[in-house]
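Take a look at the structure set out below.
Nothing in this text is a laboratory measurement; each read-out follows from the coordinates by a stated rule. Please read all numbers here as calculations on a predicted model, not as lab measurements. Backbone-built Cβ (ideal geometry, glycine too); neighbour counts: all protein chains shown.
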Amino acid sequence: MWRGQKHNFSADPGPGQNLKAETRRPKEVRTPKSESRQPQLNWVLFGLLSAFGLRVSALWPSAAPTAQTFDTSPPTRHSSPVRIVNVPLGPRSYDIKIGTGLLGGLGKECAQLNLGKRCAIVSDTNVVPHFASVASEALTRAGFEPVRVIVPAGETAKSLKTVAGCYDQLAAHRLERKSFIVALGGGVVGDLAGFVAATYLRGIAFVQIPTTLLAQVDSSVGGKVGVNLKAGKNLVGAFYQPRLVLCDLDTLRTLPEREYRSGLSEVIKYGIIYDAALFRALERSLPDLIERQNKNLAIVIGRCCEIKAEIVRQDETENGLRALLNFGHSIGHALEAISHYGKFLHGEAISIGQLAAARLSSRLTGLPSREVERIALLFQRAGLPTELNLNASQRPKLLAAMQLDKKVAGGEIKFVLARRIGKAEFGHFVPLAVLEQILRPAQPSTAPAAVDE
């Protein structure tokens, strides 16, 4: 649950918060659990009071809808306190901490978790040159004995072959049941390292240090870990929660532009399926996010994590509500599979899948056409693909790949569809004829993405 400025999408400091630059680690801000429902109450009461013609800002300033724009003042290193979202799962609860300069405090954070001294930093060849030394030194200063396990960069590393190599290195370094793994990297590293942690010695602890926007808002949270098979994405895996998630905004500075924009796909998803106010804020202030302003990033990442934490609290193992998070993923994952995990980044494939899901929603659940247009425009402004150019032979391959999706039940693909921006439903059956029509390319303003076989 959000512990901080969770109901306001501006970065203005709240009462009693000191936003002066700090020379050490930024302080943590928590609010009582009784305030965790405040954002929903604010917006509900705003609507009711407005319906009776009352000036909400005069009666209750914090309820006025000023949250639809972001503060655009220049960010300063350590200028904001650490924002904390708690994932409430009883004895397996954990915090997501969001801020700048957090990687240097990794050792102190781990020291509070009652872990063994030996640990392994699992990272990839792209991330290691930037952050592995900082992480290793932080752990060593706190008395831990870290070793590095380096895997290839990219989606193809999410394989059982890579997992076996990780097992061998952990055994060689004599990691024990009290030992732990640090997943340092993007979504691929987090999924892979989490699966290794879930299965090595029948389960050891792990800590997530996501270094991409996509991983910070989505894959590092909620405990889904796993690897791919040739037949499809994430077909081998487990639900296994981390002990801690540290989202250091400084790590986003090294992301290539394409990788960063790919992460915006999952950010936009939360607005479509759950939070219309977030979607409106993104429409108004997307350029600020594209510029990677720390204040805005902390607010948006925090809100996305809050939404996911609330969903995971209610449905940890995806027996119902958690399926909402798969909006656009059935088509997106199939697209990744038939293009051999090489042409599209995950967020790019999911962008195409989400717009296809929006068009299906327009046909089947009444999503207004003007809202489909808003969704398409926001993805386009984020620099993400929205159309797909499938030839006659590729379309059946995509449909066949979708049949291997984890969300298939009784031989039928179950889709997440939206009724309006901010409200989605899971478990919809889509007739094959309608799906095939949607997969035929429309007449986009830019050339649709082709699939290489």
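Taking all Cα pairs closer than 8 Å and separated by 6 or more residues, the relative contact order of the range 75-255 comes to 24 percent. Within the shell of other residues whose beta carbon sits under 14 angstrom from the beta carbon of PHE144, the net charge comes to +3, with Lys and Arg scored +1 and Asp and Glu -1.
For the range 333-355 versus the range 376-426, the spacing of their alpha-carbon centroids is 10 Å.
A viscosity of 1.567 mPa s and a temperature of 4 °C, combined with the Kirkwood radius over C-alpha pairs in the Stokes-Einstein formula, give the range 75-255 a diffusion coefficient of 81 µm²/s. Its relative contact order, with pairs defined as Cα atoms under 8 Å and 6+ residues apart, puts the range 327-450 at 30 percent.
Using the Cα coordinates of the range 244-365, the gyration tensor eigenvalues translate into equivalent-ellipsoid semi-axes of 23, 19, 16 Å, sorted from longest to shortest.
Among SER179, SER123, which comes first, then next, by fewest other beta-carbon atoms within 10 Å? Fewest to most other Cβ atoms nearby, the residues stand as SER179, SER123.
Given the range 75-255, what percent of its DSSP beta bridges are antiparallel, to the nearest 5? Expressed as a percentage, antiparallel bridges in the range 75-255 total about 30. Radius of gyration over Kirkwood radius for the range 327-450, both on Cα atoms: the Rg/Rh ratio is 0.93.
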